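K.L.:
Below is one structure. I have some questions about it.
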Amino acid sequence: MDLMSMDIAELSAVLKNLNQPLYRAKQVFQWLAKGKTPAEMSNLPLSLREELSKLPLGSAKIYDKRISKKDSTIKYLFELEDGNIVEGVLMSYHYGNTMCISTQVGCRMGCLFCASTLNGCVRDLSAGEMLSFIAAAEKDVPHDADKVRTVTNIVLMGSGEPLDNYDNVVKFLRLVSHSDGMNISVRNISISTCGLVDKLNKFTDEAPHVTLSVSLHAPNDEIRNKIMPINKRYNVLQLLEAARRYAEVTKRRVIFEYALIKDMNSDMTCADMLSKRLRGINCHVNLIPLNDVKERNLNGVSRKEAELFLKRLTDNGLSATIRREMGSDIEGACGQLRRRVLEEKQK
Ligand code: SAH
């Protein structure tokens, strides 16, 4: 296991092997959360720093970044220790900065509209690698003088399916919210899933209670089967039941993500069906303008059509909004930039 992925108990075991006093575990944990390498851990004896430097760290480096001229969104490409490349995005809002991170290199869910899945899943990310994306952004963008840190909110909404990398994701949530670590409150963390229902139920029962987003994108099985292969394993009814359960157990409002796709899921019949299906669930619908993926023949709808769809949902009594687009000038969305860079690398 890489050092970044370890909790204090696991670090204690490593340090015990190196004949070190136990209090060192917390010191190492605190340094790692600040994105420091063992060589930089200045309150440790030099010999220990050298020993720790021999172990795998699991830390990502910034490979490339682009800053949006429109809204100062920063899109990062991170390079992992094995040379793989993944994306992350830092967005600034009035309440703070939200970091969107990936949970896998690629994705194997096969959603028709998503660029992250075009080449399948290369591997899972470790908890430490996910943590290191936040640490790298923290170092890249120093926090304002009146703040403790740059990244105040986290969404697990980059490439990959978080619940397909269950153990590492849950470990990450524990590490990043630990009071001796980055101490980012679970209230400020969201996880987004395409609907692995068995894992979602497990998550409800045993994981820290973060905000849940469900990528629904269709009001019924007929449409969802066409665009999201996972629906053939867990259908809309089963998914909505699991989402309802999450909302009830955690007392948190669930977010349903719904990308409006032309001639697919965006007419008024769909809006009515969706309203009916979601009735009684403590939820909010986030309508997403589709980012066209040139590899697939799918297009978004106009602003006007999106607004009509929204009005129909709210008229039907649902809470709903259209998601603000950020970083559209820097390929901020879903696997787009990574894909471009991999293509360029191949050439
Ligand atoms: N696997 C997880 C998280 C990654 S995708 C999930 O499915 O939720 C993050 C969000 O981006 C999901 O809601 C996904 O459906 C959406 N998304 C993917 N491709 C998109 C595109 N081309 N346009 C708009 N949203 C997209």
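The values are calculated or read from the model by the stated rules, or taken from the named source; none is laboratory data. Everything quoted here is computed from the prediction, not taken from an experiment. So basically every Cβ, Gly included, is an ideal-geometry build from the backbone, and we count neighbours across all protein chains shown. The protein model used for the area step is the full one, side chains on, heavy atoms only, and it has no ligands, DNA or RNA in it. Shrake-Rupley method; radii C 1.70, N 1.55, O 1.52, S 1.80 Å.
K.L.:
What spacing in nm lies between the two simple spin-label points modelled at residue 64 and residue 202, each 7 Å away from Cα in the Cβ direction?
P.N.:
Result: 3.6 nm between the two label points.
K.L.:
Tell me the net charge near residue 96. Cut-off is 14 Å between Cβ atoms, residue 96 excluded, with +1 for each Lys or Arg and -1 for each Asp or Glu. Could you put the intermediate results ahead of the total?
P.N.:
Details: positive: 147, 149, 187; negative: 138, 144, 146.
Summing Lys and Arg as +1 and Asp and Glu as -1 gives 0.
K.L.:
Using a cut-off of 26 Å between alpha-carbon atoms, which lysines can reach residue 70, once sequence neighbours fewer than 8 places away in the same chain are excluded?
P.N.:
Qualifying lysines at Cα under 26 Å: 61, 139, 147, 294, 304.
K.L.:
Shifting gears a bit: Starting from 0.36 nm per residue, how many nanometres of slack lie between residue 9 and residue 72 once their C-alpha separation is accounted for?
P.N.:
Value of the extension gain: 18.8 nm.
K.L.:
Excluding same-chain residues fewer than 8 positions from residue 16, which aspartates and glutamates have a Cα within less than 15 Å of its Cα?
P.N.:
Straight-line reach from residue 16, under 15 Å: 7, 51.
K.L.:
Do you know the relative contact order of the range 1-61, to the nearest whole percent, from alpha carbon pairs under 8 angstrom that are 6+ apart?
P.N.:
Computed over the range 1-61, the figure is 40 percent.
K.L.:
I'd like the FRET efficiency for residue 237 and residue 145, computed as 1/(1 + (r/R0)^6) with the beta carbon distance as r and R0 of 51 Å, rounded to 0.05.
P.N.:
Efficiency for this residue pair is about 0.50.
K.L.:
Roughly speaking, to the nearest percent, how much of the chain's 1.4 Å accessible area is carbon and sulfur?
P.N.:
Here it works out to 49 percent.
K.L.:
Rolling a 1.4 Å sphere over the protein heavy atoms, what is the accessible area per residue of the range 1-83, to the nearest Å²?
P.N.:
54 Å²
K.L.:
Percentage of Cα-Cα pair distances in the chain greater than 27 Å, rounded to whole percent? All intermediate terms of the calculation are to be shown ahead of the outcome.
P.N.:
On the way: 28506 of 60031 pairs.
Counting pairs separated by more than 27 Å, the tail of P(r) holds 47 percent.
K.L.:
Let me check I've understood the local charge: for residue 26, count other residues with C-beta under 12 angstrom from its C-beta, Lys and Arg +1, Asp and Glu -1. What total comes out?
P.N.:
The answer is -1.
K.L.:
Roughly speaking, what is the centre-to-centre gap between the range 105-166 and the range 28-89 when only Cα atoms are used, to the nearest Å?
P.N.:
What the calculation gives is 13 Å, centre to centre.
K.L.:
Any chance you could run the full-extension gain for residue 252 through residue 314? It's 0.36 nm times the residue separation minus the Cα-Cα distance, nm to one decimal.
P.N.:
Contour length minus the Cα-Cα distance gives 20.3 nm.
K.L.:
While we're here: Run a plain Debye calculation on the range 208-317 (Cα atoms as equal point scatterers, no solvent) and give log10 I(q)/I(0) at q = 0.12, 0.23 Å⁻¹, rounded to two decimals, same order as the q list.
P.N.:
So the normalised log intensities are -0.41, -1.36.
K.L.:
What FRET efficiency comes out for the pair residue 93/residue 303, r = Cβ-Cβ distance, R0 = 35 Å, nearest 0.05?
P.N.:
0.95
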